[in-house]
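Trainee: One structure is given below, represented as structure tokens, and several questions about it will come after.
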Ligand code: G6P
Ligand code: MN
């Protein structure tokens, strides 16, 4: 039986992860689950809830939470990493500083991603070193942001560590949402081909697993015609962000109809509309702080025994009684649509593909060594890989078109310079990074943003 540690245990994503581990206890049996966080108070809310959940639903697995890295990482097979350096407090500033100047204010795209990257790179490097001290062979499944910049940094600092895998849930979420446009298929009915940088890429094909037919053109055709909400059973009418994102995805497919872009491309292709649609005084960070953060904490604090779990999302007896949670193909696609746990689903599927050497296809961030031959060697590409006991094996992709290549090389220059700045402590590289980012573009503006970020981040930033 396997052992799992979750770094960033205090995250409000953790309860869904714990739920998922409980749900798959027969297919992926665990002997131990440990939460680890540097913030003991924050983690305690989640940890206490986890204790009750595991006592009731998973007594054969030992559950604990700790701030001691040795206790967390010794004797561990999988470490799931979801840290947020600087917390949501700093995310809020990442987003609000550029919006003051009419520039994209987003967690990972544009200047916000730069600032977050400057904090994440040192934090992530330190964490990986710590994990490796206690578990040299554990699989580290990392989905900390900004994933593109984090992956560029880990590639440089841990070049041979193939058990360190960087991933993101966004492409998979896009598949979950939009694959039904292809004759009602689920994402697990198809095998994707996708390439790009993290939060900056395109689906090029979507092959039906049984027939081999590429169903992406059918999906694109429907997106082009505009209103897919009904066909998708989409009823998120109150979710302003997703309503807007749906319309933008349709627009992107109308403007550039040969591929299906990652939804994050809207920040790079239509920055003006994105900025106009943003409230500089109330950003996504505020929505999360006032929404998910509060809700999950209050929920966890309110659970003192199984009684309080009954009838809620974490009432696993209800879920068990529906029979196997696994679909016929061994995935959980249909079991998890009820709530926002794509992260949890995807990460557990990935861990199982490694543990049982299933060599299933996942979209992984990995070094371009000829995968897309006309893009920079060393570019950290997000691409379809088969993943098993020996790590991720990328599938080859056709050459990038001039449009994509131009966008990608510019974005990669920005990401590389950001990592240079973080590792070398270089103000000059930081200034170049922000200047080359298409979301900024102006060197004076880049300097203004950089100086504000340095002042706001204090000790969180490397000394520049
Ligand atoms: C998607 C992205 C993640 C990101 C998350 C933000 O899942 O792939 O990289 O962290 O969205 O979600 P939030 O609800 O915190 O804005
Ligand atoms: Mn992501």
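Trainee: So is residue 143 crowded, with 22+ Cβ neighbours inside 10 Å, touching a residue at least 60 places away in the same chain (Cβ under 8 Å), within 16 Å of ligand 2 (Cβ to nearest atom) and within 20 Å of residue 390 (Cα to Cα) or not?
Mentor: Spelling it out, residue 143 is indeed crowded, with 22+ Cβ neighbours inside 10 Å, touching a residue at least 60 places away in the same chain (Cβ under 8 Å), within 16 Å of ligand 2 (Cβ to nearest atom) and within 20 Å of residue 390 (Cα to Cα).
Trainee: How many residues does the stretch 78-95 contain that are under 14 Å from residue 457 (Cβ atoms) and touching a helix residue (DSSP H, G or I) at 6+ places or on another chain (Cβ under 6 Å)?
Mentor: 7
Trainee: Continuing with the same structure: Go through (1) under 24 Å from residue 287 (Cα atoms); (2) surrounded by 14 or more Cβ atoms within 10 Å (Cβ to Cβ); (3) within 16 Å of ligand 2 (Cβ to nearest atom); (4) touching a residue at least 12 places away in the same chain (Cβ under 8 Å) and name the single condition residue 242 misses.
Mentor: (4)
Trainee: Looking at (1) surrounded by fewer than 16 Cβ atoms within 10 Å (Cβ to Cβ); (2) away from ligand 2 (no atom under 16 Å from the Cβ); (3) in contact (Cβ under 8 Å) with a residue 24 or more places away in the chain; (4) more than 21 Å from residue 404 (Cα to Cα), which is the only condition residue 254 fails?
Mentor: Checking residue 254 against (1) surrounded by fewer than 16 Cβ atoms within 10 Å (Cβ to Cβ); (2) away from ligand 2 (no atom under 16 Å from the Cβ); (3) in contact (Cβ under 8 Å) with a residue 24 or more places away in the chain; (4) more than 21 Å from residue 404 (Cα to Cα), the one that fails is (4).
Trainee: One residue is enough: does the stretch 153-167 have a residue meeting the conditions within 10 Å of the chain's Cα centre (by Cα) and part of a loop (DSSP other than H, G, I, E, B)?
Mentor: Looking only at the stretch 153-167, we keep the residues that are within 10 Å of the chain's Cα centre (by Cα), and these are 166-167.
Those still in the list that are part of a loop (DSSP other than H, G, I, E, B) too: none.
No, that holds for no residue.
Trainee: Tell me, yes or no, whether the stretch 206-217 has at least one residue that is surrounded by 14 or more Cβ atoms within 10 Å (Cβ to Cβ), in contact with a helix residue (DSSP H, G or I) (Cβ under 6 Å, 6 or more places away or on another chain), part of a strand (DSSP E or B) and modelled with pLDDT of 80 or more.
Mentor: yes
Trainee: Are any residues in the stretch 289-303 touching a helix residue (DSSP H, G or I) at 6+ places or on another chain (Cβ under 8 Å) and either farther than 16 Å from residue 43 by Cα or within 16 Å of ligand 1 (Cβ to nearest atom) (or both), and if so, which ones?
Mentor: Those that are touching a helix residue (DSSP H, G or I) at 6+ places or on another chain (Cβ under 8 Å) and either farther than 16 Å from residue 43 by Cα or within 16 Å of ligand 1 (Cβ to nearest atom) (or both): 289, 293, 296, 297.
Trainee: Taking the conditions exactly as written (buried (at least 23 other Cβ atoms within 10 Å of the Cβ) and over 20 Å from the mean Cα position of the chain (by Cα)), does residue 175 satisfy them or not?
Mentor: Spelling it out, it is not the case that residue 175 is buried (at least 23 other Cβ atoms within 10 Å of the Cβ) and over 20 Å from the mean Cα position of the chain (by Cα).
Trainee: Any idea which residue in the stretch 135-152 is nearest to the chain's Cα centre (by Cα), counting only those that are in a loop (DSSP other than H, G, I, E, B) and within 16 Å of ligand 1 (Cβ to nearest atom)?
Mentor: Per the stated criteria, the residue is 143.
The values are calculated or read from the model by the stated rules, or taken from the named source; none is laboratory data. Everything numeric in this text was worked out from a predicted model, so none of it was measured. When we count neighbours, we look across all protein chains shown, and the Cβ atoms used for this are built from the backbone with ideal geometry, even at glycine.
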